[in-house]
């Protein structure tokens, strides 16, 4: 912990325990952790994500008590057992299935907040890297969880994603065989995915503990990106941010509840209500919404290996971000040029997500004929995803050069100044 | 704390010949590493296909059930296999493209049995990411993969899209005029 | 100011969802717009409609379509077609018992070990009309009639899709289309007519082919409540019944949802007040 402990054991028992296992001191120090007083609502997603992780683990453990991980039993145990016969099974599965989407909503906003305010920069690179590791683990966990109901989308999603790994030279095929446990996706695959889907959330929880540890060494970044300079810059985490995070969590729960109770299948695919059939691929095979941008990057590239490498590279860029961005100014409040490119990047990611849900040769402008280039007409979803993917990667090049040449706006002396004298800062972006 | 520990350990050892002392530590570490690898192997190898999965049945199929211009999908090793009864036009189209621009060059004759050109037996897994292509789509009158738009011709060769290879032809042999054995 | 921020945050989160995946328009006629009693946050099943729908299923659909996730006892569960408050345990419901007893299910005779057929009990699931999927395919020209328990959830458009396909089945095929034997043209079925159409490609008909012969006709099912039995009435009622079969917990879900929403709004209001009070004297 970066701040000196303020905990004073009051009773004899506390003193006795403090010299043996200082767990009360540990907890008290976390609650009293000095936190910048200017954190806005974008900073509540850390708390929201902790809430999501707990919800997923608790509902998941309960669902595992009713689930049968076999090719013949999986679909029935979910759709008949859990959804119809288990008391409140529909509710618990509704929370777990929609909870995965909620988790990704929160993690994407958390990541975008981190990029906007430069929270990945020194001395928080390890904090950022651990966050990227959590994100990758989340995708792996969500993918394996989606396979478990053993519907058509489960099966074919598993097939497509495991075949992606097979594109890697040399190691690809042996790894795919290890994942499958057979010649194709089959019962053994389902069983091991269930085992790993149960394991990975606890690995995530462990990395979250490291993530919070790495947060508590330098302390929080803040919307100005200016370092904490004195005690007046901070307030204790509790009660100031426990109540703020708590309020944000309840707002999040309202949105969550709308999906669970009124739109339980809106984020799913109709084809997953059909039991897995290894002989028939659904007409529209589309991953869950949170993977669509990466899926679009994969489809945009006409070569299998390069496509898989680009898919991996698009996530790899996030890991490298602290070393790509050389600017000394953290917050994009004071980097209007960088901010503009960042907003375009968000639009590009949104385009990629939309393209991922469409047919590759679907027309962008109806009725307009255009010429073919590299297999697809210019006026097609594929070319929009190609341009968007180009910008996705190009953004990181832009960020590198902006760090060298950009002229940022003046940065306030203290993170508290903008609150005292709003006029001291030119055009703070909220 | 850590320093005093190393010191107390190394003090009595100072009396011994240093090179021999190093060797003992290296040997002990190597033995530990070897032990870890030996234990890890069964834990990894259990993921590979089990004996019951490997006990692959061969499959016999009576082709007379497939009418001209039709196709059936059968399951072999739990993977779909296409058996297509090609029309003369499909064969001619495939042969005409033998020396054209092919991503994975292969003649149509090499993909069927001589004298049985009408029978095309294919593993029905798109070589991109494993979806089952559907017949009748795409620009080459062959198969179109619904997942990422790979297009195959009437010989099952990749013509367009992200798939790197032609559809695989499994090992098969004619037992009689109308009966094949796959595997 | 803070409230504005909260609202803009909520708006952004909502926008993320609205901007979510939109499926490519598949080739099918726009589905018929039907008003259902189960729509909306306060929607509920119309029990008389479910009873009529069940009769259509029993007398028409069940000869080909299985419903293997629904047990006879489910018919008497709250929200179900034969729920009777007098019998909170649906296994005691005499109507449920008599429906079950009409069906024969396979069992093993405990004394001889022979495979026998016995009348179903309320705990049994609806038996499949075919012994296995190969038998189902053989009896229907290669097309397996899909299981009806989840069909509404398994089709984009849900109950409206079922209603439209059932009523559109057997529509006269458009000029230039050849319909192979054993198939029927249906403008509402999500499909692709390109292989069966030989006219002007720019006038490609919407819809697809279906292997199910037009299943319903006027007066095919005599409704017990005296409702006039038209094709549209039968189709609407069976689609509602299938909606219930796919989502039997809907009423419980929406009622629980209302209580949860009220609680969450009050709770977040309290937390917001608490937040304002704690931060009252802190500039930020």
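Tabulated data
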{"item": "Distance between region A:45-108 and region C:54-109 - C-alpha centres, whole angstrom", "result": "29"}
{"item": "Chain C - mean residue ellipticity at 222 nm from DSSP helices (-39,500 (n - 2.57) per run, n ≥ 4, rounded to 500)", "result": "-11500 deg cm²/dmol"}
{"item": "Ordering of A:339-347, C:176-184, A:78-86 by packing [mean C-beta count within 10 Å, highest first]", "result": "A:78-86, A:339-347, C:176-184"}
{"item": "Between helix C:231-246 and chain C: long-axis angle, C-alpha atoms, 0 to 90°, nearest 10", "result": "60"}
{"item": "Radius of gyration and maximum dimension Dmax of region B:53-182, Cα, Å", "result": "14.0, 41"}
{"item": "10 Å-binned pair-distance histogram of region A:289-421 (Cα, whole percent)", "result": "12, 34, 27, 17, 7, 2"}
{"item": "Volume per residue of the C-alpha convex hull in the protein assembly as shown, rounded to whole Å³", "result": "268"}
{"item": "Compactness relative to 2.2 N^0.38 Å, alpha carbon Rg of chain A", "result": "1.09"}
{"item": "Neighbour-count order for A:153, C:212, fewest beta carbons within 10 angstrom listed first", "result": "C:212, A:153"}
{"item": "Nearest 10 degrees, 0 to 90: helix C:47-59 Cα axis against chain C principal axis", "result": "30"}
{"item": "Cα long-axis angle, helix B:2-13 against chain B (0 to 90 degrees, to the nearest 10)", "result": "70"}
{"item": "Most mobile of B:85, B:128, B:25 in a GNM of chain B (Cα contacts under 10 Å)", "result": "B:25"}
{"item": "Per-residue mean of C-beta atoms belonging to partner chains within 10 Å, peptide B:142-150", "result": "5"}
{"item": "Helix-only [θ]222 nm of chain A, DSSP H runs n ≥ 4, -39500 (n - 2.57) each, per residue, nearest 500", "result": "-19000 deg cm²/dmol"}
{"item": "Ranked C:149, A:50, criterion: other C-beta atoms within 10 Å, fewest first", "result": "A:50, C:149"}
{"item": "27 Å tail of the calculated P(r), region A:71-223, as % of Cα pairs", "result": "38"}
{"item": "Shielding of A:247-257 by partner chains, average beta-carbon count, 10 Å", "result": "6"}
{"item": "Rounded Å value of the spacing that divides the Cα centres of region C:188-214 and region A:229-289", "result": "39"}
{"item": "Inter-chain Cβ neighbour average for residues A:77-87, partner chain, 10 Å", "result": "3"}
{"item": "Taking A:393, A:155, C:42 and counting other C-beta atoms within 10 Å, the order from fewest to most", "result": "C:42, A:393, A:155"}
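The numbers here are math on the coordinates, done by the rules we state, and not lab data. All figures in this text were calculated on a predicted structure; none of them were measured in a lab. Cβ coordinates were reconstructed from backbone atoms using ideal geometry, including for glycine residues, and neighbour counts include every protein chain displayed.
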